[in-house]
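The values are calculated or read from the model by the stated rules, or taken from the named source; none is laboratory data. Not measured: the values here are computed from a predicted model. A quick note on method: Cβ atoms are made from the backbone with ideal geometry, for glycine too, and the neighbour counts reach across all protein chains shown. Quick note on the areas: whole protein, heavy atoms, side chains included, nothing else; ligands and nucleic acids left out. Shrake-Rupley method; radii C 1.70, N 1.55, O 1.52, S 1.80 Å.
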Amino acid sequence: MAGKRKMERRKRQNMTEKERNEKRRQYIFVIQELTSREIKRKYSRSYLGILWSVLNPLLSMTVLSLIFSQLFKRSIENFPIYYLTGYILWQMFTGATNAAMTTLVDNKNMLIKVRLPMEIFVIARVYTALTNLGYSGLAYMVMLVVFQVTPQITMLFFPCIVLCLLFFTMGISFVLAEAYVFFGDVKHLYSVLLTLWMYCSAIFYPIENLEGVIRTVIEFNPIYNYIDAMRSIMMYGVMPPVWEIIRMAVWAAVVYAAGYYIFRKNKNKVMQKI
(Lines give C-alpha, C1' and ligand atoms only; values in the text may rest on other atoms or scores of the structure.)
Protein backbone atom coordinates (compact mmCIF):
# COMPACT_ATOMS: atom_id res chain seq x y z
CA MET A 1 0.00 0.00 0.00
CA ALA A 2 2.76 2.41 0.94
CA GLY A 3 4.55 1.65 -2.34
CA LYS A 4 1.41 2.33 -4.38
CA ARG A 5 0.88 5.65 -2.61
CA LYS A 6 4.44 6.71 -3.37
CA MET A 7 3.96 5.78 -7.02
CA GLU A 8 0.73 7.79 -7.18
CA ARG A 9 2.43 10.81 -5.59
CA ARG A 10 5.27 10.63 -8.09
CA LYS A 11 2.79 10.43 -10.97
CA ARG A 12 0.95 13.48 -9.65
CA GLN A 13 4.20 15.38 -9.25
CA ASN A 14 5.27 14.42 -12.77
CA MET A 15 1.90 15.47 -14.17
CA THR A 16 2.06 18.75 -12.27
CA GLU A 17 5.56 19.43 -13.58
CA LYS A 18 4.45 18.60 -17.14
CA GLU A 19 1.48 20.94 -16.80
CA ARG A 20 3.74 23.72 -15.53
CA ASN A 21 6.16 23.27 -18.40
CA GLU A 22 3.30 23.25 -20.87
CA LYS A 23 1.92 26.48 -19.39
CA ARG A 24 5.36 28.09 -19.56
CA ARG A 25 5.64 27.17 -23.24
CA GLN A 26 2.17 28.58 -23.89
CA TYR A 27 2.98 31.82 -22.09
CA ILE A 28 6.28 32.21 -23.95
CA PHE A 29 4.42 31.64 -27.22
CA VAL A 30 1.82 34.29 -26.30
CA ILE A 31 4.58 36.79 -25.38
CA GLN A 32 6.29 36.16 -28.72
CA GLU A 33 3.03 36.61 -30.61
CA LEU A 34 2.16 39.81 -28.75
CA THR A 35 5.66 41.15 -29.39
CA SER A 36 5.42 40.34 -33.09
CA ARG A 37 2.03 42.03 -33.25
CA GLU A 38 3.35 45.18 -31.56
CA ILE A 39 6.32 45.46 -33.91
CA LYS A 40 4.16 44.90 -37.00
CA ARG A 41 1.60 47.45 -35.80
CA LYS A 42 4.27 50.04 -35.04
CA TYR A 43 5.69 49.92 -38.57
CA SER A 44 2.55 48.90 -40.49
CA ARG A 45 2.23 52.23 -42.37
CA SER A 46 5.94 52.70 -42.97
CA TYR A 47 7.74 51.80 -46.20
CA LEU A 48 11.04 51.21 -44.40
CA GLY A 49 9.34 49.25 -41.63
CA ILE A 50 11.60 47.91 -38.93
CA LEU A 51 14.62 49.67 -40.45
CA TRP A 52 13.44 52.74 -38.53
CA SER A 53 14.64 51.04 -35.37
CA VAL A 54 18.13 51.30 -36.86
CA LEU A 55 17.69 54.69 -38.53
CA ASN A 56 16.15 56.51 -35.54
CA PRO A 57 19.25 56.42 -33.32
CA LEU A 58 21.48 57.30 -36.27
CA LEU A 59 19.38 60.32 -37.25
CA SER A 60 19.08 61.49 -33.64
CA MET A 61 22.83 61.12 -33.18
CA THR A 62 23.47 63.18 -36.32
CA VAL A 63 21.18 66.01 -35.22
CA LEU A 64 22.47 66.12 -31.64
CA SER A 65 26.06 65.87 -32.80
CA LEU A 66 25.63 68.88 -35.09
CA ILE A 67 24.11 70.87 -32.24
CA PHE A 68 26.30 69.89 -29.29
CA SER A 69 29.59 68.59 -30.71
CA GLN A 70 31.12 72.06 -30.86
CA LEU A 71 29.82 72.91 -27.40
CA PHE A 72 31.21 69.80 -25.71
CA LYS A 73 34.11 68.86 -28.00
CA ARG A 74 36.71 69.89 -25.39
CA SER A 75 35.06 68.04 -22.49
CA ILE A 76 33.71 64.94 -24.32
CA GLU A 77 35.90 62.83 -26.57
CA ASN A 78 34.02 61.13 -29.40
CA PHE A 79 30.75 62.90 -28.65
CA PRO A 80 28.56 60.97 -31.19
CA ILE A 81 29.32 57.66 -29.44
CA TYR A 82 28.95 59.30 -26.03
CA TYR A 83 25.46 60.46 -26.97
CA LEU A 84 24.40 57.30 -28.80
CA THR A 85 25.40 55.08 -25.86
CA GLY A 86 23.05 56.96 -23.57
CA TYR A 87 20.34 57.36 -26.20
CA ILE A 88 19.78 53.69 -26.98
CA LEU A 89 19.42 52.80 -23.29
CA TRP A 90 17.10 55.74 -22.69
CA GLN A 91 14.98 54.75 -25.71
CA MET A 92 14.62 51.22 -24.39
CA PHE A 93 13.49 52.47 -20.99
CA THR A 94 11.01 55.08 -22.26
CA GLY A 95 9.73 52.86 -25.07
CA ALA A 96 9.02 50.00 -22.68
CA THR A 97 7.42 52.02 -19.88
CA ASN A 98 5.25 54.15 -22.19
CA ALA A 99 4.01 51.08 -24.06
CA ALA A 100 3.49 48.99 -20.93
CA MET A 101 1.50 51.76 -19.27
CA THR A 102 -1.53 51.27 -21.55
CA THR A 103 -1.23 47.54 -22.17
CA LEU A 104 -3.93 46.38 -19.72
CA VAL A 105 -6.45 48.87 -21.10
CA ASP A 106 -5.47 48.10 -24.71
CA ASN A 107 -5.92 44.35 -24.15
CA LYS A 108 -8.94 44.42 -21.84
CA ASN A 109 -10.99 42.21 -24.19
CA MET A 110 -8.34 39.49 -24.07
CA LEU A 111 -8.06 39.83 -20.30
CA ILE A 112 -11.79 39.30 -19.93
CA LYS A 113 -12.25 36.52 -22.51
CA VAL A 114 -9.00 34.58 -22.20
CA ARG A 115 -7.55 33.30 -18.95
CA LEU A 116 -4.02 34.63 -19.17
CA PRO A 117 -1.87 36.13 -16.41
CA MET A 118 -1.95 39.94 -16.61
CA GLU A 119 1.83 40.01 -16.27
CA ILE A 120 2.17 38.57 -19.77
CA PHE A 121 0.89 41.74 -21.41
CA VAL A 122 3.33 43.95 -19.49
CA ILE A 123 6.23 41.57 -20.18
CA ALA A 124 5.36 41.51 -23.89
CA ARG A 125 5.58 45.32 -24.15
CA VAL A 126 8.92 45.36 -22.33
CA TYR A 127 10.21 42.52 -24.48
CA THR A 128 9.20 44.50 -27.57
CA ALA A 129 11.36 47.40 -26.37
CA LEU A 130 14.22 44.96 -25.75
CA THR A 131 13.84 43.66 -29.31
CA ASN A 132 13.99 47.23 -30.63
CA LEU A 133 17.15 47.73 -28.57
CA GLY A 134 18.63 44.80 -30.46
CA TYR A 135 17.94 46.51 -33.79
CA SER A 136 19.30 49.81 -32.47
CA GLY A 137 22.34 47.90 -31.29
CA LEU A 138 23.13 47.07 -34.93
CA ALA A 139 23.36 50.78 -35.71
CA TYR A 140 25.41 51.27 -32.56
CA MET A 141 27.94 48.61 -33.54
CA VAL A 142 28.32 50.18 -36.97
CA MET A 143 29.01 53.54 -35.35
CA LEU A 144 31.64 52.01 -33.07
CA VAL A 145 33.46 50.84 -36.18
CA VAL A 146 32.98 54.15 -38.03
CA PHE A 147 34.36 56.18 -35.11
CA GLN A 148 37.19 53.70 -34.60
CA VAL A 149 36.34 52.61 -31.07
CA THR A 150 38.74 49.79 -30.25
CA PRO A 151 37.05 46.55 -29.11
CA GLN A 152 37.72 45.83 -25.44
CA ILE A 153 37.16 42.79 -23.22
CA THR A 154 35.02 44.99 -20.97
CA MET A 155 32.36 45.11 -23.72
CA LEU A 156 31.34 41.60 -22.69
CA PHE A 157 29.74 43.22 -19.63
CA PHE A 158 27.16 44.81 -21.96
CA PRO A 159 24.44 42.14 -21.39
CA CYS A 160 24.72 42.48 -17.60
CA ILE A 161 23.97 46.21 -17.74
CA VAL A 162 21.05 45.63 -20.13
CA LEU A 163 19.71 42.89 -17.84
CA CYS A 164 19.78 45.21 -14.81
CA LEU A 165 18.06 47.95 -16.82
CA LEU A 166 15.50 45.41 -18.05
CA PHE A 167 14.44 44.42 -14.52
CA PHE A 168 14.39 48.06 -13.40
CA THR A 169 12.19 48.89 -16.41
CA MET A 170 9.90 45.94 -15.70
CA GLY A 171 9.29 47.14 -12.13
CA ILE A 172 8.37 50.65 -13.30
CA SER A 173 6.19 49.17 -16.06
CA PHE A 174 4.17 47.05 -13.61
CA VAL A 175 3.34 50.11 -11.50
CA LEU A 176 2.47 52.32 -14.49
CA ALA A 177 0.27 49.65 -16.12
CA GLU A 178 -1.76 49.30 -12.97
CA ALA A 179 -1.92 53.02 -12.21
CA TYR A 180 -3.19 53.84 -15.72
CA VAL A 181 -6.21 51.57 -15.24
CA PHE A 182 -7.39 53.77 -12.35
CA PHE A 183 -5.96 57.17 -13.34
CA GLY A 184 -5.78 58.04 -17.03
CA ASP A 185 -3.94 61.27 -16.22
CA VAL A 186 -0.89 59.19 -15.28
CA LYS A 187 0.03 59.16 -18.98
CA HIS A 188 0.32 62.95 -19.15
CA LEU A 189 2.06 63.25 -15.78
CA TYR A 190 4.57 60.59 -16.77
CA SER A 191 5.45 62.42 -20.01
CA VAL A 192 6.35 65.49 -17.94
CA LEU A 193 8.34 63.36 -15.51
CA LEU A 194 10.24 61.75 -18.41
CA THR A 195 11.32 65.16 -19.69
CA LEU A 196 12.80 66.00 -16.30
CA TRP A 197 14.25 62.50 -15.97
CA MET A 198 15.95 62.76 -19.36
CA TYR A 199 17.77 65.98 -18.44
CA CYS A 200 18.83 64.38 -15.17
CA SER A 201 20.34 61.41 -17.01
CA ALA A 202 23.21 63.30 -18.70
CA ILE A 203 22.48 61.77 -22.10
CA PHE A 204 24.11 64.54 -24.12
CA TYR A 205 26.21 66.52 -21.66
CA PRO A 206 29.01 65.77 -19.13
CA ILE A 207 28.45 66.11 -15.39
CA GLU A 208 32.08 66.85 -14.51
CA ASN A 209 31.47 70.59 -14.49
CA LEU A 210 28.34 70.33 -12.32
CA GLU A 211 28.42 70.85 -8.59
CA GLY A 212 26.10 70.76 -5.59
CA VAL A 213 22.64 69.28 -5.39
CA ILE A 214 22.07 68.85 -9.12
CA ARG A 215 25.18 66.67 -9.49
CA THR A 216 24.15 64.57 -6.50
CA VAL A 217 20.68 64.08 -8.01
CA ILE A 218 22.14 62.97 -11.35
CA GLU A 219 24.65 60.58 -9.78
CA PHE A 220 21.87 59.00 -7.69
CA ASN A 221 19.65 58.64 -10.77
CA PRO A 222 19.48 54.90 -11.64
CA ILE A 223 19.19 55.55 -15.38
CA TYR A 224 22.37 57.62 -15.26
CA ASN A 225 24.10 54.75 -13.45
CA TYR A 226 23.28 52.36 -16.30
CA ILE A 227 24.33 54.89 -18.95
CA ASP A 228 27.56 55.78 -17.18
CA ALA A 229 28.48 52.12 -16.74
CA MET A 230 27.76 51.45 -20.41
CA ARG A 231 29.99 54.33 -21.49
CA SER A 232 32.78 53.03 -19.27
CA ILE A 233 32.84 49.57 -20.81
CA MET A 234 32.10 50.54 -24.43
CA MET A 235 34.07 53.78 -24.88
CA TYR A 236 36.89 53.68 -22.36
CA GLY A 237 37.50 49.96 -21.85
CA VAL A 238 37.13 50.31 -18.07
CA MET A 239 34.90 48.29 -15.77
CA PRO A 240 32.52 50.38 -13.64
CA PRO A 241 33.49 50.79 -9.97
CA VAL A 242 32.24 48.05 -7.66
CA TRP A 243 29.92 50.47 -5.88
CA GLU A 244 28.27 51.37 -9.21
CA ILE A 245 27.75 47.73 -10.14
CA ILE A 246 26.20 47.06 -6.72
CA ARG A 247 23.98 50.12 -7.06
CA MET A 248 22.77 49.02 -10.50
CA ALA A 249 21.90 45.55 -9.21
CA VAL A 250 20.18 46.90 -6.11
CA TRP A 251 18.10 49.38 -8.13
CA ALA A 252 17.06 46.57 -10.49
CA ALA A 253 16.17 44.09 -7.74
CA VAL A 254 14.36 46.53 -5.44
CA VAL A 255 12.33 48.30 -8.13
CA TYR A 256 11.36 45.02 -9.82
CA ALA A 257 10.34 43.38 -6.53
CA ALA A 258 8.34 46.43 -5.42
CA GLY A 259 6.64 46.83 -8.79
CA TYR A 260 5.73 43.17 -9.09
CA TYR A 261 4.44 43.07 -5.51
CA ILE A 262 2.16 46.08 -6.10
CA PHE A 263 0.97 44.58 -9.38
CA ARG A 264 0.12 41.20 -7.87
CA LYS A 265 -1.52 42.72 -4.82
CA ASN A 266 -4.02 44.75 -6.87
CA LYS A 267 -4.79 42.29 -9.68
CA ASN A 268 -8.36 41.70 -8.53
CA LYS A 269 -9.06 45.42 -8.31
CA VAL A 270 -7.72 45.87 -11.82
CA MET A 271 -10.00 43.15 -13.20
CA GLN A 272 -13.00 44.72 -11.48
CA LYS A 273 -12.13 48.16 -12.87
CA ILE A 274 -11.60 46.86 -16.40
Unmet criterion (only one of (1) touching a residue at least 40 places away in the same chain (Cβ under 8 Å); (2) over 14 Å from THR97 (Cα atoms); (3) among the polar types (S, T, N, Q)) for GLN148: (1)
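Which count do you get for residues in the range 212-239 that are of a type in the set (Gly, Ala, Ser), assigned to a helix (DSSP H, G or I) and in contact with a helix residue (DSSP H, G or I) (Cβ under 7 Å, 6 or more places away or on another chain)? Reasoning before the result, please.
Applying the first criterion (of a type in the set (Gly, Ala, Ser)) to the range 212-239 yields 212, 229, 232, 237.
So of that shortlist, the ones also assigned to a helix (DSSP H, G or I) come out as 212, 229, 232.
From what is left, the residues that are in contact with a helix residue (DSSP H, G or I) (Cβ under 7 Å, 6 or more places away or on another chain) are 229.
Counting residues in the range 212-239 that are of a type in the set (Gly, Ala, Ser), assigned to a helix (DSSP H, G or I) and in contact with a helix residue (DSSP H, G or I) (Cβ under 7 Å, 6 or more places away or on another chain) gives 1.
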Verdict on VAL238 being open to solvent by 60 Å² or more (accessible area, probe 1.4 Å), under 20 Å from TYR83 (Cα atoms) and at pLDDT 90 or above: yes
Of the criteria (1) in a loop (DSSP other than H, G, I, E, B); (2) within 30 Å of LYS269 (Cα to Cα); (3) among the aliphatic types (A, V, I, L, M), which one VAL181 fails: (1)
Of all residues making up the range 112-150, the number that are within 21 Å of ILE88 (Cα to Cα) and either assigned to a helix (DSSP H, G or I) or in contact with a strand residue (DSSP E or B) (Cβ under 6 Å, 6 or more places away or on another chain) (or both): 25
Members of the range 78-119 that are touching a helix residue (DSSP H, G or I) at 6+ places or on another chain (Cβ under 7 Å) and of a type in the set (S, T, N, Q): ASN78, THR85, GLN91, THR94, THR97, THR102, THR103, ASN107
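Every residue, every condition in (1) open to solvent by 30 Å² or more (accessible area, probe 1.4 Å); (2) over 22 Å from VAL126 (Cα atoms); (3) small (Gly, Ala, Ser), yes or no:
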site: LEU193; (1), (2), (3): yes, no, no
site: PRO222; (1), (2), (3): no, no, no
site: ILE227; (1), (2), (3): no, no, no
site: SER232; (1), (2), (3): no, yes, yes
Any hit, the range 158-170, residues being of a type in the set (A, V, I, L, M, F, W, C), open to solvent by 40 Å² or more (accessible area, probe 1.4 Å), outside any loop (DSSP other than H, G, I, E, B) and within 28 Å of ASN266 (Cβ to Cβ): yes
Number of the exception - PHE174 against (1) of a type outside the set (Val, Ile, Thr); (2) surrounded by 20 or more Cβ atoms within 10 Å (Cβ to Cβ); (3) not in a helix (DSSP H, G or I): (3)
Which numbered condition GLY137 fails, given (1) open to solvent by less than 20 Å² (accessible area, probe 1.4 Å); (2) modelled with pLDDT of 85 or more: (2)
Residue check, MET101 surrounded by 20 or more Cβ atoms within 10 Å (Cβ to Cβ) and modelled with pLDDT of 80 or more: yes
Matching option when the condition is part of a loop (DSSP other than H, G, I, E, B) and open to solvent by 70 Å² or more (accessible area, probe 1.4 Å), among ASN109, ASN209: ASN209
Residue count, the range 190-206 (criterion: under 17 Å from TYR82 (Cα atoms) and not in a loop (DSSP other than H, G, I, E, B)): 2
